[in-house]
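Since the structure comes first, as structure tokens, the remarks are kept for the end.
The values are calculated or read from the model by the stated rules, or taken from the named source; none is laboratory data. These figures come from a predicted structure and were not determined experimentally. No Cβ is skipped: glycine too gets one built from the backbone with ideal geometry, and neighbour counts run over all protein chains shown. Surface accessibility is based on the protein's heavy atoms, side chains included, excluding ligands, DNA and RNA. Shrake-Rupley method; radii C 1.70, N 1.55, O 1.52, S 1.80 Å.
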Amino acid sequence: MITGTFSIYKKYKTIFLITLVCCVSLPACTVVNLPEDVADPGVLTWPAVPSLPRIEWVKEIRTAEDHGIKKGFFSRVSEAISGVRSQPISKPYGVHVDEKGRLIVVDSGSAVVHLFDSQSNAYRVLGRDREMRFRAPIGVTEDQRGNLYITDSGAGIIYRYNIEKRTSEVFSSQRLKRPTGVAYSRRQEVLFVSDTLEHQIVAFDLAGTELFRIGKRGGGDVQFNYPTDLFIDNKGQLYVTDALNQRIQVLTPEGQLLGKFGEGGDTTGYFAKPKGVAVDSQGHIYVCDALLDAVQIFDRSGRLLLYFGGTGSRHGEFWMPTGIHIDADNYIYVADSFNRRIQVFRYVGKED
């Protein structure tokens, strides 16, 4: 990083900035200062060696560059002249990876959505135009047609955005009190959304028509107390973070109970503040706990298998983990909200 105050004639300012960018791009002119706490940690795994590893830390993502997206020459020149630079992640919540490997991060802190496309070396920010300007975005998912669905809890709106066409629209005329979690079932072609303040899960078809609602407020089966995050596994089963009941409920796409687990507590195996939920290819259920600063892993019966994390800002530590996504290759993306980053892990265990 280069700092300082330069005194030059105004008419030479642009020429100077272009020259400066050229110099910074040359290896001989580059000075890199690495913080001491970013030293190579080696292979960080859970459980720790000599136990057989199940989870492996991969990397953290704060900016487009962290995800392998490089700036071209003209991008650097434009940034130097305009003073506008690519936006770092501020306070991530929802996270998703599509079939083409594009990483989508809902940034609640900046009220935008980051779209990282490392294969095309492209980065863009959604939510800055009149057609799609967020108030409090939370969740994101996609359908099989290349559409993203983004919940705006502040506006009570679900937006639909087509990645290839770069078009956006309000998905449904049906306003919700506070839409948060969102998940799409490819089998049923149904979009499920948590309406947190209504204590219900709302199902929509792809035309934006409300099909039915699941649940009501309470502590019984298929009842909810401020439901938030959602996930649909490869069997079409719906997982609901029943936040203030401090449990996970597993439902059929029609809303019938398949199972439930969890209770309140301040140690592993219990839930203090459950947030994101996801399932890997082996059927293991991952739940972020924002107060325990950990991700807990359960089997299908709700038995705790393993947890990883801990309070802090180093590799593998969290400060209020929220959203989670697991891709087809068992890479685990965790929104580490107050640390302003996405941490990436990988399930490396054998088939059970």
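Can you give me the % of accessible surface on the stretch 178-227 that is carbon or sulfur? Probe 1.4 Å, all protein chains present, nothing else counted. Walk me through the intermediate numbers first.
Values: 830 of 1980 Å².
About 42 percent, which is the carbon plus sulfur part of the accessible surface.
Would you mind getting the accessible area per residue of the stretch 172-255, heavy atoms of the protein chains only, 1.4 Å probe, in Å²? Spell out each step's value before the answer.
Details: 3350 Å² over 84 residues.
About 40 Å² of surface per residue is accessible.
With a/c under 1.5 counting as rounded, go ahead and sort the stretch 190-289 into rounded, prolate or oblate using the C-alpha gyration tensor (a ≥ b ≥ c being the square roots of the eigenvalues; past the cut-off, prolate if a/b is larger than b/c, else oblate).
Working: a/c = 1.99, a/b = 1.35, b/c = 1.47.
Oblate shape, in that a/c is at least 1.5 and b/c is the bigger or equal ratio.
With a point put 7 Å past each Cα toward its Cβ, work out how far Ser90 is from Gln144 in nm, to one decimal.
With each label placed 7 Å out from Cα toward Cβ, I get 3.7 nm.
How large is the dipole of the stretch 253-305 about the Cα centre if only Lys and Arg carry +1 and Asp and Glu carry -1, each at its Cβ, rounded to the nearest 20 debye? Walk me through the numbers before you get to the answer.
Numbers: 5 positive and 7 negative charges, 15 e Å.
So the magnitude is around 80 debye.
Tell me the carbon and sulfur percent of the accessible area for the stretch 87-142, rounded to whole percent, probe radius 1.4 Å. Could the numbers behind the result be given before it?
On the way: 960 of 2320 Å².
Taking all protein chains in place, the stretch 87-142 shows 41 percent carbon and sulfur surface.
Share of the stretch 246-343's accessible area from carbon and sulfur, percent, 1.4 Å?
Details: 1680 of 3780 Å².
So the carbon and sulfur contribution to the accessible surface is 44 percent.
Going by the alpha-carbon gyration tensor, a ≥ b ≥ c the square roots of its eigenvalues, is the stretch 206-352 rounded (a/c under 1.5) or, if a/c is not under 1.5, prolate (a/b greater than b/c) versus oblate? Let's see the in-between values first.
On the way: a/c = 1.59, a/b = 1.39, b/c = 1.14.
In terms of gyration-tensor shape, prolate.
So the label point goes 7 Å from the Cα of Leu258 along Cα→C-beta, right? Which residues of the stretch 317-334 then have their backbone N under 17 Å from it?
Within reach of a label on Leu258: 326.
Give the shape of the stretch 270-316 as rounded, prolate or oblate, defined through the alpha-carbon gyration tensor: a ≥ b ≥ c are the square roots of its eigenvalues, a/c under 1.5 means rounded, and otherwise the shape is prolate if a/b is larger than b/c and oblate if not. Each step should come with its number before you reach the end.
Numbers: a/c = 2.12, a/b = 1.62, b/c = 1.31.
Prolate.
Could you tell me which of the pairs Lys91/Lys177; Lys177/Lys216; Lys216/Lys260 are separated by over 18 angstrom between their Cα atoms in the structure shown?
Values: Lys91/Lys177 22 Å; Lys177/Lys216 14 Å; Lys216/Lys260 16 Å.
Where the Cα-Cα span goes over 18 Å, the pairs concerned are Lys91/Lys177.
Check the straight Cα-Cα distances from Lys59 and name the aspartates and glutamates below 17 Å, setting aside those fewer than 8 residues away within the same chain.
List returned: Glu36, Asp37, Asp40, Asp117, Glu317, Asp327, Asp329, Asp336.
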